[in-house]
Amino acid sequence: RHNPYENLAIEQVLMDVCPKDTLIFYLWQNAHTVVIGKHQHAPSEVHLDKAQEDKVTLARRSSGGGAVYHDLGNLNFTFIAQDGIYSINNQMNMIANALKALGVDAKVNGRNDIEVEGFKVSGNAFAHQKQTHLHHGTLLVNVDKTLLGKYLNPNPKKLQRKNVTSVAARIANISEFKEMDIESLKKHLFEEVEKYAG
């Protein structure tokens, strides 16, 4: 299932039905897709002409944050839980710990990103609905980084603040630090979440 509309709809359904005592953990992938944040203006954030020419799917998610490019070299994760179970800090650490178990020196930084050697390998965003909360993010395993620059059009001021010349200059694939396949990563992510949830 690599359709962003289905994946984002499944997230919403899981959020609507999440039981009080449950931590939902969901892994998913989108093929050749740009996903924009809840409040973003697509023509300002995306090179729409190039995206349309290359038949890139454009979707809007329920959370805030910036535009992201997804291909099958990217693994997305979602945590959904109610008050008392939901913890951004714990959830971020579960992802970082799964990467550490695979031999990748991953660190959670203050911007809700996960980094390896100063490069962003995971961006995260959040949505809230009464007592139920959603935290989802990307894991860049082996994404075609040339396509990020082709389709994404970030505000130059944002790049200046991060002291980089392009989106691609700030991010890295996990496989650049350690040979990695998505199936192994999935296994370690589920193990880490199961360990935390008992």
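The values are calculated or read from the model by the stated rules, or taken from the named source; none is laboratory data. Quick caveat, the model's predicted, so the values are computed rather than measured. Cβ sites come from the backbone with ideal geometry, for glycine too, and all protein chains shown count toward neighbours. Ligands, DNA and RNA are excluded from the accessible area calculation, which covers all protein heavy atoms including side chains. Shrake-Rupley method; radii C 1.70, N 1.55, O 1.52, S 1.80 Å.
The figures follow:
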| quantity | calculated |
| --- | --- |
| Per-pair calculated FRET efficiency, R0 = 35 Å: HIS41 and SER184 via Cβ, rounded to 0.05 | 0.35 |
| Charge dipole (the range 11-122, unit charges on Cβ, about Cα centre) - positive-most of ALA42, ASN109, TRP28 | ASN109 |
| Largest-first ordering by accessible area, 1.4 Å probe, given options HIS41, HIS2 | HIS41, HIS2 |
| Length-normalised contact order of the chain in % [C-alpha pairs under 8 Å, at least 6 apart] | 23 |
| Amide hydrogen neighbours beyond the local backbone of ALA106, cut-off 5 Å, H modeled | LYS100 |
| Accessible area of the chain belonging to carbon and sulfur atoms, whole % at 1.4 Å probe | 50 |
| Most fluctuating residue given options LEU139, LEU58, LEU102, as computed from a GNM of the chain linking Cα atoms under 10 Å | LEU102 |
| Rounded Å value of the spacing that divides the Cα centres of the range 74-122 and the range 128-154 | 13 |
| Residue-normalised accessible area of the chain, expressed per residue, 1.4 Å probe, Å² | 50 |
| Pairwise FRET efficiency - GLU194 versus ASN90, Cβ, R0 = 22 Å, nearest 0.05 | 0.95 |
| GluC sites (Glu not before Pro) within the range 43-147: DSSP coil, no more than 16 neighbouring Cβ in 10 Å | GLU117 |
| Charge context of PRO4, other residues only, Cβ under 14 angstrom, K/R +1, D/E -1 | +1 |
| Extension gain, ASN3 back to ASP105 (0.36 nm per residue minus Cα-Cα distance, nm) | 33.6 nm |
| Segment LEU14-LEU27, length gained on full extension (0.36 nm per residue, minus Cα span) | 3.4 nm |
| Local electrostatic count at ILE80 - Lys and Arg +1, Asp and Glu -1, tallied over other residues with Cβ under 15 Å | -1 |
